[in-house]
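The values are calculated or read from the model by the stated rules, or taken from the named source; none is laboratory data. Just so we're clear, the structure is a prediction, and the values are computed from it rather than from any experiment. Ideal geometry is used to build each Cβ from the backbone, glycine not excepted, and the neighbour counts take in all protein chains shown.
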Amino acid sequence: MRVIKQLMVYLFAMVAMLSGCSTTPENPEWVINEVMVVNENSYMDSYGQRHPWIEIYNNTARTMDIGGRYLTNDPDHPKKYAIPRGDALTNVKPHQHILFFADEMPLKGTFHLNFTLDSTKENWIGLYDNDGKTLLDEIVIPAGMQADQTFGYEKDGLKYDEEGNNTAQILDRVTPSSNNAILEENLKVKYLEENDADGGLLTITSMLVVFLGLIVLYFFFKLSGNIAKRMSQRQVAKSGTLSAVRSHSHLSGEVLAAISAAIYELKEDQHDIESTILTIQQVKRNFSPWNTKRQSLRELPR
Amino acid sequence: MQTMNTLLSLSDNLRTFWSYTGFYNAEPEHLIMILIGLVFIYLTITKEYEPLLLIPIGFGILVGNIPFNEAANLKIGIYEEGSVLNILYQGVVQGWYPPLIFLGIGAMTDFSALIANPKLILIGAAAQFGIFGAYIIALQMGFAPNEAGAIGIIGGADGPTAIFTSSKLAPHLLGAVAISAYSYMALVPVIQPPFMRLFTTRKERLIRMKNPRVVSQTEKILFPIMGLLLTAFLVPSGLPLLGMLFFGNLLKESGVTRRLAETARGPLIDTVTILLGFTVGASTQATTFLRVESLKVFAIGALSFVIGTCTGLLFVKFLNLFLSREKKLNPLIGNAGVSAVPDAARISQSLGLEYDPSNYLLMHAMGPNVAGVIGSAVAAGILLGFLY
């Protein structure tokens, strides 16, 4: 049992080492994804008017309700605009967007904020959790944004790149309430079509991974099997039976049978000392559930 | 005059009714598919080809190909959103059924043959070449990489895995892939033996393998836990299948969840099998199924089984080069690496008995057979990782 415990400790240590300790910041669950500060000829609200807008992206694989959270452009006033609760439209589907107009007209509805954005200065925008204290995401839009220009992330929800740098930038395309990066096709498939047209590379890689996975299993169960065998031998040895003698000696079954017969006869005192030839016939028990007739009963299709 | 009007409206009503009947809407393609469904049912009942699956699939083909007026929006077709069949079909489209079937498979599978002789696991890996061999062939035949992956998985000889993978990679090929996978699984007794004879010598077929050791309960409990951790860490995309397979096995081996294990391997798997088979059959509507691509899928599917069988057999021969005389493996167990549990292992047994009536290979063949299930789930995970 101690050996198994040791084995488990080593295994967990190995997994912990392999899992690594990444220091790259994680992309938040809600991302302020794209912001337009000066809206002259772009997206209109349902009243037919143009205002600055803020697009927020649900960066998770589940539908989330943004209702009850707070949007603000003032770090000292985190609860500036409370996004109304109980509006079915504040449920955002996985990897989808929701858009708010910064028009200082909150009475127009859920999606109209009580503040606006100013292109002449730097605009800080923050999204706070229901407690009004936990900052979920923030973005700083530089001063001097041009009309109908947006600032945000080229790939939706991808705030940080692999090195941990913030990827916010002025975007080439204006895409309110839709993906910033338009995926016309499966990039993985496109890559394979271009670089591995005959499939050889994918085949070799995949077979290596399949073998690797099953080789790891093989080594683990080889090791655990050896441990189990040793443990069962020890248990048998402790019990002091004939099997125990057999497990610790190199005597054959026949020799052990002869010794056992001699001891039995001596103990029972059934014979005088005689010169005899002892014939030992091995009894084979061939039956096993694996070779029952039932296992072969299914007829092959004709 | 009134009588005339009544007769005219009656005639109109009958004409409208006629336009709703299957007879009016029938196309030759529907009749071909119905014929295919009847052949499935006939073969399954008379020859017992995978009856538990092919009867639901065969009957599903009949149901799915009853012609009706699609323009009338009756919400009865499997592809009409909100229809009963469509709701049941979501289990296939969204991939719910295959992991539930894997739960049942885990709860009914005894992995002790594999634990006792772990090198048999490697045969299950070698036979997965059928999947990737078919992938290469599909690419050569003009399929896109994601479609080729969906077709290749037929070589895993594992229906739930094939359905799960193709529903993600190429949903439009799902019907053809599922029918092909289950048909060839039923036909392994016909497909495999010629290649098993071709690639083995008489001397090899007579090899007697050492009886496997007895496996302790602790090892049986460790197997699903470690199996999950070691494989799912490597291929997380295979998690739905691997997770449920090993979970089912832990229910069986833990010894304290007998009721759960019995439900998983009994009523649950039976219910899901009925729903899966029936809806896959019904999804083969003539309009979506009878295409040249489907024929190509069938052809590649057959080749994938052959490739998997051959690589499994040859790999055992390769392993034998490194094994001592008393530890040599009988190459007849190599075919079992393709999965198709337990038919492929039974073929090893019956072919072995044909050459030596006292050489029982079933227990040895079950090792690569169940390793094939794990191997094909891992391979599916890899395909999803690369192509989805």
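Some notes on this structure:
- Matching helices (runs of 4 or more DSSP H) fully within the range B:23-100 where at least 1 residues are within 29 Å of residue B:169 (Cα to Cα) and of a type in the set (S, T, N, Q): B:84-93
- Which listed residue, of A:142, A:176, is closer than 12 Å to residue A:34 by Cα and at pLDDT 90 or above: A:176
- Count - residues of the range B:356-370 that are in contact with a Leu (Cβ under 6 Å, 6 or more places away or on another chain) and assigned to a helix (DSSP H, G or I): 3
- Neighbours by Cβ (under 8 Å, 6+ apart or cross-chain): first from the range B:366-382, at pLDDT below 90; second in a helix (DSSP H, G or I) and aromatic (Phe, Trp, Tyr): B:377/B:102
- The residue that is modelled with the lowest pLDDT, among those in the range B:335-363 that are surrounded by fewer than 24 Cβ atoms within 10 Å (Cβ to Cβ), under 16 Å from residue B:110 (Cβ atoms) and among the aliphatic types (A, V, I, L, M), is B:341.
- The range A:41-98, subset among the basic types (Lys, Arg) and outside any strand (DSSP E or B), residue nearest to residue A:112 (Cα to Cα): A:80
- Hits in the range B:196-211 (condition: surrounded by fewer than 19 Cβ atoms within 10 Å (Cβ to Cβ) and assigned to a helix (DSSP H, G or I)): B:197, B:198, B:202, B:203, B:204
- The sole residue among B:83, B:9 that is surrounded by 15 or more Cβ atoms within 10 Å (Cβ to Cβ) and free of Cβ contacts under 8 Å to residues at least 24 places away in the same chain is B:83.
- When B:319, B:313 are checked against the criterion of being surrounded by fewer than 24 Cβ atoms within 10 Å (Cβ to Cβ), aliphatic (A, V, I, L, M) and touching a residue at least 40 places away in the same chain (Cβ under 8 Å), B:319 stands alone in meeting it.
- Annotation: residue B:239 fulfils all but one of (1) surrounded by fewer than 22 Cβ atoms within 10 Å (Cβ to Cβ); (2) within 20 Å of residue B:377 (Cα to Cα); (3) out of contact with any Gly (no Cβ under 8 Å at 6 or more places or on another chain); the unmet one is (3).
- Residues of the range A:48-64 satisfying the condition of being touching a Lys or Arg at 6+ places or on another chain (Cβ under 8 Å) and surrounded by fewer than 17 Cβ atoms within 10 Å (Cβ to Cβ): A:63
- Within the range B:212-257, the set of residues being hydroxyl-bearing (Ser, Thr, Tyr), more than 8 Å from chain A (Cβ to nearest Cβ) and not in a helix (DSSP H, G or I) comprises B:254, B:257.
- In the set (1) within 12 Å of chain A (Cβ to nearest Cβ); (2) in contact (Cβ under 8 Å) with a residue 40 or more places away in the chain; (3) farther than 30 Å from residue B:142 by Cα; (4) crowded, with 24+ Cβ neighbours inside 10 Å, residue B:332 fails one condition alone, (1).
- Residue B:78 satisfies every condition listed in (1) without any contact (Cβ under 8 Å) to a residue 12 or more places away in the chain; (2) buried (at least 22 other Cβ atoms within 10 Å of the Cβ) except (1).
- Qualifying residue in the range B:134-150 (condition: at pLDDT below 90 and part of a helix (DSSP H, G or I)): no
Residues are listed down the side, and each one gets a yes or a no for (1) among the hydrophobic types (A, V, I, L, M, F, W, C); (2) modelled with pLDDT under 85; (3) in contact with a Phe, Trp or Tyr (Cβ under 9 Å, 6 or more places away or on another chain):
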residue: A:199; (1), (2), (3): no, no, yes
residue: A:205; (1), (2), (3): no, no, yes
residue: A:212; (1), (2), (3): yes, no, no
residue: A:220; (1), (2), (3): yes, no, no
residue: A:230; (1), (2), (3): no, yes, no
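- Only residues that are assigned to a helix (DSSP H, G or I) and of a type in the set (Phe, Trp, Tyr) were counted in the range B:306-339, giving 2.
This table checks each residue for (1) farther than 30 Å from residue B:77 by Cα; (2) polar (S, T, N, Q).
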| site | (1), (2) |
| --- | --- |
| B:299 | no, no |
| B:303 | yes, no |
| B:322 | yes, no |
| B:334 | yes, no |
| B:339 | yes, yes |
| B:344 | yes, no |
| B:347 | yes, no |
| B:382 | yes, no |
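- Qualifying residue in the range B:163-183 (condition: of a type in the set (D, E, K, R) and either at the interface with chain A (Cβ under 10 Å from one of its Cβ atoms) or within 17 Å of residue B:308 (Cβ to Cβ) (or both)): no
- Index of the failed condition, residue A:236 passing every other in (1) in contact with a helix residue (DSSP H, G or I) (Cβ under 8 Å, 6 or more places away or on another chain); (2) more than 14 Å from chain B (Cβ to nearest Cβ); (3) at pLDDT below 75: (2)
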